[in-house]
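Enquirer: Dropping a structure here in structure tokens format, bear with me for questions.
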Amino acid sequence: MTHVAFIEKNPNSPYNDQEIFSAVTILDAPPLQMYGIRIYKQFVEGLRAIAEAHAENLKDNVYIARKIALPKNMNFSEEMAQIEDLISKEKNLEVRALLATQPHLSALSRKKPDLLEIPIGGKSIQDIFQFAKNHLGKEIRAFDILKVGQMVDVIAVSKGKGFQGPIKRMRVHRVQHKDNKAVRHVGCLGAETPSRISWTVPRGGQMGFNNRTEYSKQIIKISEKGEEINPKGGFINYGLVKGDYILVKGSVPGPKKRFIRLRSTIRTQKTVPAPEITYINILSQQMK
């Protein structure tokens, strides 16, 4: 994280046309590799995959080969012909893109990618399939999908804090000093009957390392020049941002080097004007 100064351009904000400071999160965003298309059909019991096509250059990608077992008899033309036949005849279909991250393009030491399956939206099934066909085997970059000023939801696994007691985990108050047993515990575990402890009683246990979604975060910048955001010596416990990056206003869940997903927000549908950035702090974190 760092902080920026920007001129607010939202007419509904009390700080409109004023320069303000805000904390931001820098997300390293190397391109995604679209390695396949999967077709689903809606049945009575739910969605079921009925066809799949892989990119022609998939066998040349040594990083994806570390993650999945590639089909031995993979024929690109036959797979695409089967999908095109289904698109023209079947109904209630859903097209999803099979994507792989490219951690080797970032500062991470790992090479094995994370695999994603993302539905593709559009007006008609033919337009959706055409978009998927045009991008099959190609890279999809952040500015191809996201826009500056767009509101997004951030999904990630939060920081793990291990086993913690009820004071830190559930934020209950300490009992008074006259208690004859302990101080950092709850005063009562429940009624005499039923003879069990309810799940609502604050107890010690695992804290953190949970999948969390934070809503309505604004993207204030997307750039492909990672060198303009790097502090001297790089980011502590991460390194240097080598290529594309995203500036998100505020904080996001999870520690450094953790996989983070962004999606269009499901709560705030209004278009928020992008702020005009005047200053980005890139001083080394070791100097603060």
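Enquirer: How many residues does region 173-221 contain that are of a type in the set (A, V, I, L, M) and not in a loop (DSSP other than H, G, I, E, B)?
Expert: 3
Enquirer: Pick out the one residue from Ile39, Ile83 that is surrounded by 15 or more Cβ atoms within 10 Å (Cβ to Cβ), farther than 14 Å from Glu117 by Cβ and of a type in the set (Val, Ile, Thr).
Expert: Ile83
Enquirer: May I ask you to list the residues in region 177-204 that are surrounded by 12 or more Cβ atoms within 10 Å (Cβ to Cβ), among the small types (Gly, Ala, Ser) and within 36 Å of the chain's Cα centre (by Cα)?
Expert: Within region 177-204, just Gly204 meets the criteria.
Enquirer: Please verify whether region 1-8 includes one or more residues that are in contact with a strand residue (DSSP E or B) (Cβ under 8 Å, 6 or more places away or on another chain), surrounded by 16 or more Cβ atoms within 10 Å (Cβ to Cβ), of a type in the set (D, E, K, R) and at pLDDT 85 or above.
Expert: yes
Enquirer: Hey, another quick one. Please tell me if Ile260 is under 25 Å from Asp144 (Cα atoms) and hydrophobic (A, V, I, L, M, F, W, C).
Expert: The answer is yes for Ile260.
Enquirer: Which residue pairs have Cβ atoms under 6 Å apart, sit 6 or more places apart or on different chains, and have a first residue in region 215-230 that is over 17 Å from Ile260 (Cβ atoms) and a second that is β-branched (Val, Ile, Thr) and surrounded by 18 or more Cβ atoms within 10 Å (Cβ to Cβ)?
Expert: Once the first residue is over 17 Å from Ile260 (Cβ atoms) and sits in region 215-230, its partners that are β-branched (Val, Ile, Thr) and surrounded by 18 or more Cβ atoms within 10 Å (Cβ to Cβ) give Asn230/Val241.
Enquirer: Within region 107-153, can you find the residues that are among the β-branched types (Val, Ile, Thr) and over 22 Å from Val241 (Cα atoms)?
Expert: Ile118, Ile120, Ile125, Ile128, listed by residue number.
Enquirer: List, please: which pairs have Cβ atoms under 8 Å, are six or more places apart or on different chains, and start with a residue in region 177-193 that is among the basic types (Lys, Arg) and end with one that is modelled with pLDDT of 85 or more?
Expert: Arg184/Gly165; Arg184/Pro166; Arg184/Ile167; Arg184/Arg174
Enquirer: Which residue pairs have Cβ atoms closer than 7 Å, lie 6 or more positions apart in sequence or on different chains, and pair a first residue in region 122-146 that is over 16 Å from Leu86 (Cβ atoms) with a second residue that is among the charged types (D, E, K, R) and surrounded by 13 or more Cβ atoms within 10 Å (Cβ to Cβ)?
Expert: The qualifying pairs are Gly137/Glu56; Arg141/Asp244; Ala142/Asp244.
Enquirer: Next question, about the same structure. Does at least one position in region 237-255 carry a residue that is of a type in the set (D, E, K, R), assigned to a strand (DSSP E or B), modelled with pLDDT of 90 or more and exposed (fewer than 14 other Cβ atoms within 10 Å of the Cβ)?
Expert: Within region 237-255, not a single residue is of a type in the set (D, E, K, R), assigned to a strand (DSSP E or B), modelled with pLDDT of 90 or more and exposed (fewer than 14 other Cβ atoms within 10 Å of the Cβ).
Enquirer: What is the residue count in region 159-172 for residues that are surrounded by fewer than 10 Cβ atoms within 10 Å (Cβ to Cβ) and in a loop (DSSP other than H, G, I, E, B)?
Expert: Of the residues in that region, 1 qualify.
Enquirer: Right, something else. Mind checking which residues of region 53-91 are part of a loop (DSSP other than H, G, I, E, B) and either in contact (Cβ under 8 Å) with a residue 24 or more places away in the chain or closer than 18 Å to Thr101 by Cα (or both)?
Expert: Ala55, Glu56, Asn57, Asn61, Arg66, Lys67, Ile68, Ala69, Leu70, Glu90, listed by residue number.
The values are calculated or read from the model by the stated rules, or taken from the named source; none is laboratory data. No experiment lies behind these values; they were computed from the predicted model shown. Note that each Cβ is placed from the backbone with ideal geometry, even for glycine, and that neighbours are counted across all protein chains shown.
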